[in-house]
Amino acid sequence: MAIYLIVLMCTLNHAGFGGSRVAVSLYALELGANQFAIGALMALYGLCPMLLAVSIGKLADRIGPRLPMLLGTAGISMALLLPPLFPGLVTLYISALLIGTSFHFFFVAVTGIAGGIGGVGNRVRNYALVSLGFSGAGFLGPMAAGFSIDHLGHLPTFGLLASFPLIPLLLLLFKPGFLPPAVKREAADGQRNALDLWRIPVLRNTFIASGIISSAWDLFQFYLPIYGYSIGLSASAIGTVLGVFALATFVIRIALPRLITMSHEAAILTYAIFVAAFAFVLFPFFRNAYALAAIAFLLGLGCGCGQPLSMSLIYALSPQGRVAESTGLRVTVNNFAHLVIPLVFGSLGTAFGFFPVFVSNSAMLVAGGFLMRRNNAPRSGS
């Protein structure tokens, strides 16, 4: 029962988070922002998480997951209410910063505990379920945002998205008993820092691979609305393409426990990165919404493996009592990519157009795939 309540909370909180990225970028375009300004907005989603994620993980390891999850859930909802209360581009920057920070308070804490619920044998299943929740949210959030913008307008959409975290907030306030307690750390662990985790080769390789595929996911969600807007797609069509991408991540995560029986996490992650690279290079050649949706589905199959596989590997390979801290380091690496990639590719797109953006990201994924091929990580269960 506990894992299903966690999946419900992940779904609703991530729906608010994911929908906000569509709402923020399209409202910024409506206000006259250019690609670089929108890149800066998207980068703000990852700025504080990049700086704070390891500390959030240490906090969750020390005191348990409830308080970080509660702070994050409440923060998402409150930050989403800022644009309708104080309309304007400056408010969007503040809101993006707060939404990104709040979501990662929740995310680091919840991913640090999910693998241990029901015993070690349920680890891959649990992370697949949590990732399915995120996939469902990735479909729900952008679709809700797109259709709400078309039919209600930009500002009411933020109010709609702010309602999604309310059920998780009530669960954390009044029914927190399903959450596991903090795991006791070894005494020496309290004197160590995150660099010790980085020095573990298989963990380091997993962090890097996670960062590469996460940056591809992030760039797609950042750049697809801009590309769609430039070729005349409606907000509903853009939301649908993003929703199809999320649907593909949902499908692959349903199949993931079966795939794990055929190979190990590191190998599957390698193949997934190459699939994502192939999909990315196709985007600039198509302008039809149906074709873009088909490519987005292929990209979702590749990107959808990255989160559950990296989380499962990190849980299995982390020292006892430091899982949330390891998750925080993974988030730091991912959000460094989230901070840099939108700024770099936003500038590249402004200067040279869309084609180099998609091709360059495809090349980055190919490089990541070859990196993972050299990673001789053992099976995570060994």
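Against the condition under 20 Å from Gly228 (Cα atoms), of a type outside the set (Val, Ile, Thr), modelled with pLDDT of 85 or more and surrounded by 19 or more Cβ atoms within 10 Å (Cβ to Cβ), how does Ala291 come out, does it pass? Against the criterion (under 20 Å from Gly228 (Cα atoms), of a type outside the set (Val, Ile, Thr), modelled with pLDDT of 85 or more and surrounded by 19 or more Cβ atoms within 10 Å (Cβ to Cβ)), Ala291 does not qualify.
For every residue, the table says whether it meets (1) modelled with pLDDT under 85; (2) charged (D, E, K, R).
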position	(1), (2)
Ser210	yes, no
Asp218	yes, yes
Tyr223	yes, no
Ser234	no, no
Gly243	yes, no
Ala246	yes, no
Val251	no, no
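In this structure, Leu82 does not qualify as touching a Phe, Trp or Tyr at 6+ places or on another chain (Cβ under 6 Å) and surrounded by fewer than 24 Cβ atoms within 10 Å (Cβ to Cβ). Evaluating Pro87 against the criteria (1) within 21 Å of Ala137 (Cβ to Cβ); (2) surrounded by fewer than 19 Cβ atoms within 10 Å (Cβ to Cβ) leaves one unmet condition, (1). One residue stands out among those in segment 130-150 that are at pLDDT below 85 and out of contact with any Lys or Arg (no Cβ under 7 Å at 6 or more places or on another chain): the one that is surrounded by the most Cβ atoms within 10 Å (Cβ to Cβ), which is Gly138.
Filter segment 114-127 down to residues that are assigned to a helix (DSSP H, G or I) and modelled with pLDDT under 80 and give me whichever is farthest from Leu173 (Cα to Cα). Among those residues, the one meeting the criterion is Gly121. Tell me, yes or no, whether segment 156-173 has at least one residue that is buried (at least 24 other Cβ atoms within 10 Å of the Cβ), assigned to a helix (DSSP H, G or I) and small (Gly, Ala, Ser). No; the residues of segment 156-173 include none that is buried (at least 24 other Cβ atoms within 10 Å of the Cβ), assigned to a helix (DSSP H, G or I) and small (Gly, Ala, Ser).
Filtering Gly349, Gly328, Gly368, Gly306 for residues that are on the phi < 0 side of the Ramachandran plot, at pLDDT below 70 and not aromatic (Phe, Trp, Tyr) leaves a single hit, Gly349.
State yes or no: is Arg258 out of contact with any Asp or Glu (no Cβ under 6 Å at 6 or more places or on another chain), of a type outside the set (A, V, I, L, M, F, W, C) and either assigned to a helix (DSSP H, G or I) or at pLDDT 80 or above (or both)? Yes, satisfied.
Identify, please: which residue in segment 212-225 is buried (at least 23 other Cβ atoms within 10 Å of the Cβ) and either among the small types (Gly, Ala, Ser) or touching a Lys or Arg at 6+ places or on another chain (Cβ under 8 Å) (or both) and is, among those, farthest from Gly353 (Cα to Cα)? In this case the residue turns out to be Ser214. Might you check whether a residue that is surrounded by fewer than 24 Cβ atoms within 10 Å (Cβ to Cβ) and either of a type outside the set (S, T, N, Q) or touching a strand residue (DSSP E or B) at 6+ places or on another chain (Cβ under 9 Å) (or both) occurs anywhere in segment 98-112? Among the residues of segment 98-112, at least one is surrounded by fewer than 24 Cβ atoms within 10 Å (Cβ to Cβ) and either of a type outside the set (S, T, N, Q) or touching a strand residue (DSSP E or B) at 6+ places or on another chain (Cβ under 9 Å) (or both), which makes the answer yes.
The values are calculated or read from the model by the stated rules, or taken from the named source; none is laboratory data. Everything numeric in this text was worked out from a predicted model, so none of it was measured. No Cβ is skipped: glycine too gets one built from the backbone with ideal geometry, and neighbour counts run over all protein chains shown.
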